[in-house]
There are 2 protein chains.
Amino acid sequence: MSLPRIAVDAMGGDEGVRVMIEGAALARRRHDQFKFLLVGDEPRIKAALAAHPNLRASSDILHTDSVISGEDKPSQALRRAKGTSMGMAIDAVKQGHAGAAVSAGNTGALMAIAKLTLRTMPGIDRPALAALLPTLGENDVIMLDLGANTECDTRNLVQFAVMGAAYARVATGREAPRVRLLNIGTEEIKGTELLRDAATVLKAAADDLSISFDGFTEADKLCQGHVDVVVTDGFSGNIALKAVEGTARFVADLLRRSFSSSLRSKIGFLISRPATELLKTHLDPNNHNGAVFLGLNGIVVKSHGSASAAGVANAVAVTARLLEENVTERITADLARVDQDSLRPARSQEERA
Amino acid sequence: MSLPRIAVDAMGGDEGVRVMIEGAALARRRHDQFKFLLVGDEPRIKAALAAHPNLRASSDILHTDSVISGEDKPSQALRRAKGTSMGMAIDAVKQGHAGAAVSAGNTGALMAIAKLTLRTMPGIDRPALAALLPTLGENDVIMLDLGANTECDTRNLVQFAVMGAAYARVATGREAPRVRLLNIGTEEIKGTELLRDAATVLKAAADDLSISFDGFTEADKLCQGHVDVVVTDGFSGNIALKAVEGTARFVADLLRRSFSSSLRSKIGFLISRPATELLKTHLDPNNHNGAVFLGLNGIVVKSHGSASAAGVANAVAVTARLLEENVTERITADLARVDQDSLRPARSQEERA
C-alpha cells in the first residue's frame, strides 16, 4: 500500500518558506517513502528546494501567494480560507490528495478551517489538540485537549482518552498506554462531577479500550514519566501546558542570569557546557514540536510559529508516523470495540431515556 | 494599638514541633512586637523553646496532644477539630485571643475548620487560598484561588480580585496592583462566559477598587513579573500552581542529572556553584512558603508540610505583615468603596429581578 502524501503549508510560521522546506527535507530523510505537497508561493518554494534535491524529487507544488495571517480571527480565517496556503493544504486532505496537513500558521484559524473542511470522524463529537511533553521517564507524555474545546462534557473526555491512547501507542510503543484524567487531587471525591463521571466510564471501559486507567493525576506529576496520556478539557489543558512552558522558560532565564552573574560562574558554565546543552536539549520546544489535531477525517498537525527547521522536521515526522500507523483508522476501530452506550455516563443515559 | 497575637499550630507539618518553633523564633526577629500562642504538646514545645529564649518570653502555650492527621478527610477533621492543635489555634482566632493562625497541617482540614469556625467576612461569599509565586520582575505575583473553590461564579472571581489586591498592596507596596484574570488567551472573546463577565465587572470597578485591571493573562506569563494579582477559580489555579511547581522540580532534576553526567560537568558545577545557589534560592519553595486563606473573619495561613524552619519563618512573617497592615479591615473598606450591585454581572442582576 502506498503511503498518503503530506501537505505542507509552506507559508505559515514566523520564519518563512525556507524553514518549512528545510524542515520537510530533514523529516524526509527519516521517512523517505513519503511524498509531499508543498503549498505556497511557487518561486519561493522552488528557491528553497534548490538546496534539497531529494525533497524536490518527491514533491509537487501547489501555488498560492495568499496567506492566513497571525492576526486573522478564526471567523475571518474561515471566510478567507479558500485560496490561502493553509486552506489549500487542508482542502488537499479533504480531496484525498494528501493524508495529512502540517502548518505553522495561526492555531485558531487552523483549527477552525480544519474542523469545517474535514469534519469530525464517525464516533467523535469534537476534535482535540494533543501535544507531547518531556518527562523524566522513558517516553514523552501526551496531553489533550489543549484548547480546542473550552468546555467539555463527560463523553468528550472519554473520546479524548480513546484518541490520546491511539496516539500514545504510536508515540510510545506501549500496547496499553497509561491514561489518567487531570484533576486537582487523586482521591475519587476530588474535582468536578464531570471528571468523576468520566473516571467511572473509563474505569469500566479500560479493558475493552486496551488502556491502563488508574483515575486522576495532578499537574505537578505531568513530567514525572508515570503516565502516557493525560486527558483534560481544553481550558485546563491549555492552562497546564502554558504553565509548564512558562516555567521552563522562567527557569532557563534564571539560569542564564545566574551563569552570567560573575566571571567564576561564566567559567563554570563553559566547563559544564555539555551538561547545560543536555538540559537545553530536553527543554528545547523544537524537540517536542508538533501538536496534533485528532478526531477529524484526516490528520492536521500544528508546528510552532517560531519553530526552527529541526522543529518543523519533528512536526513533519510526527505526521509521518501517525500516517504510517493509520491512527485515524485505529481510533475508529477502538471506538467500535466498545459499546457506544458505555461511553455515556449513567446520568446522560437517563436523560436520553 | 497593640498587635494581635499569632497562634501557631506547633503540631502540623512533617518536620514536627522543633521546626515550627524555630520558624516562629526566626520570624519573631524580624517582627519583634508580636506575641505568640503556641498550640500543641506542652513538654515538646517547652523543649523546643529552650533554644529560643526571645520567643519563649513572648509566647503562651496552649496544651494539647491531639492532632489532625494528613490522612483525615475534611469531614472527619471537622468532627474531630475540637481539642486538636489545629482546631484550637483557629478557635483562638475566633475567641479573639489571636489575630491569625498558622498551621503546616492537612490543607483540606485547615480550610474546612477555618471556614466553619471563623465564617466568611461580610461582603465575601467564599474564602480563597492565595499564594506568592516568584517572577523575573521586581516583586512576586499573588495567585488566588488555589483550590478552595473548585467551581466559581463571576461574583466570586470579582471578590477574589478585591482580596488579592489587598494582599498585593501589603506584599508589593503598590497602591494600584496590576490585576488580571487567568484565561487561555488575552483577546476579549477568549475563555468562558464567566471570565468575560468578570472582566466586564472588574473593568468598570477598577477605579473604585484602586486596581490597574487590564483583562486576561495566560499561564505562561505568570512568572514574567508584569502582573501582581492573578485571579482564577480554584480548579484552574490549582492546575496552574501545580504545573509551575512540577516543572520547576522537573528542571531542577534534569539539572542535577546533567551536572552529574560527567566529571567535566561536575567540575563545572563546583566552579559555578554561586550561580546555581542563586538559582536554588529563587526556586526554593521555602522562600515562597505561606498560602493565605483570605475572606474569613481572621487570617489563616498554611505553611507547607515539608517546609524547613526558614520556610515556616516566611509563613509566620507573611502572617505578621498581613496583621500589621490590617488586611481584613482593608478588604472590608475596599468592598464598601464599590457599589455592591456593580459587583454583580448584568445577567445575575436580571436573574434576581
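What follows draws every value from the coordinates through simple rules; no lab data is involved. Nothing here was measured: the structure is a model prediction, and the numbers come from that model. Note that we place each Cβ from the backbone using ideal geometry, even for glycine, and neighbour counts take in every protein chain shown.
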Inset, instruction - Work out the charge dipole of the protein assembly as shown with +1 on the Cβ of Lys and Arg and -1 on the Cβ of Asp and Glu about the Cα centre, then indicate which of B:19, A:335, A:194 is farthest towards its positive end. - result: B:19
Inset, instruction - Tell me the trypsin sites (Lys or Arg not before Pro) within segment A:38-109 that lie in a loop according to DSSP and have at most 14 other beta-carbon atoms within 10 Å. - result: A:82
Inset, instruction - Excluding residues on the same chain fewer than 8 positions from residue A:46, give the lysines whose Cα lies under 20 Å from its Cα. - result: A:35
Legend entry - Isotropically averaged projected area of the protein assembly as shown, using the convex hull of Cα atoms (one quarter of hull area), nm²: 34.0 nm²
Legend entry - Projected label distance in nm at residue A:2 and residue A:76, using a 7 Å step from Cα toward the beta-carbon: 4.0 nm
Inset, instruction - Calculate the all-directions average of the projected area of segment B:67-134's alpha-carbon convex hull, and give it in nm². - result: 5.5 nm²
Inset, instruction - Report, in deg cm²/dmol and to the nearest 500, the calculated mean residue ellipticity at 222 nm for the protein assembly as shown, where each DSSP H run with n ≥ 4 adds -39500 (n - 2.57) and the sum is divided by the residue count. - result: -15000 deg cm²/dmol
Inset, instruction - On a C-alpha basis, how far is the centre of segment B:111-176 from the centre of segment A:103-168 in Å? Whole number, if you could? - result: 33 Å
Inset, instruction - Enter the mean number of other protein chain beta carbons within 10 Å of the beta carbon of each residue in B:214-220, as an integer. - result: 4
Legend entry - Bridge type composition, the protein assembly as shown - antiparallel percent by DSSP, nearest 5: 30 percent
Inset, instruction - Would you mind checking the radius of gyration and Dmax of segment A:1-118 based on alpha-carbon positions, in Å? - result: 13.4, 41
Inset, instruction - Could you work out the longest stretch of chain A that avoids the GluC sites (Glu not before Pro) located in DSSP loops with at most 16 other Cβ atoms within 10 Å? - result: A:189-324
Legend entry - Pairs from A:221/B:94; A:203/B:115; A:73/A:190; A:73/A:115 whose Cα-Cα separation, in the structure shown, is over 26 Å: A:221/B:94; A:203/B:115; A:73/A:190
Legend entry - Simple label model, 7 Å out from Cα along Cβ direction - residue B:44 to residue B:66, nm: 1.6 nm
Legend entry - Copies compared at residue A:337 - label distances in nm, ascending, label defined 7 Å from Cα in the Cβ direction: 6.1
Inset, instruction - Could you list A:65, A:233 in order of exposure, starting from the residue whose Cβ has the fewest other Cβ atoms within 10 Å? - result: A:65, A:233
Inset, instruction - Rounded to the nearest 0.05, what FRET efficiency do residue B:337 and residue A:329 give with R0 = 60 Å and r taken as the Cβ-Cβ distance? Could you check? - result: 0.45
Legend entry - Pairwise FRET efficiency - residue B:224 versus residue A:321, Cβ, R0 = 41 Å, nearest 0.05: 0.70
Legend entry - Nm distances between copies for residue B:32, ranked from closest, using label points 7 Å along Cα→Cβ: 7.8
Inset, instruction - With +1 on each Lys and Arg Cβ and -1 on each Asp and Glu Cβ, and nothing else charged, work out how big the dipole of the protein assembly as shown is about its Cα centre, in Debye to the nearest 20. - result: 1580 debye
Inset, instruction - Take each uninterrupted DSSP H stretch in chain A, measure its Cα extent along the helix axis, and return the ones at 20 Å or beyond whose mean Kyte-Doolittle hydropathy is at least 1.0. - result: A:309-324
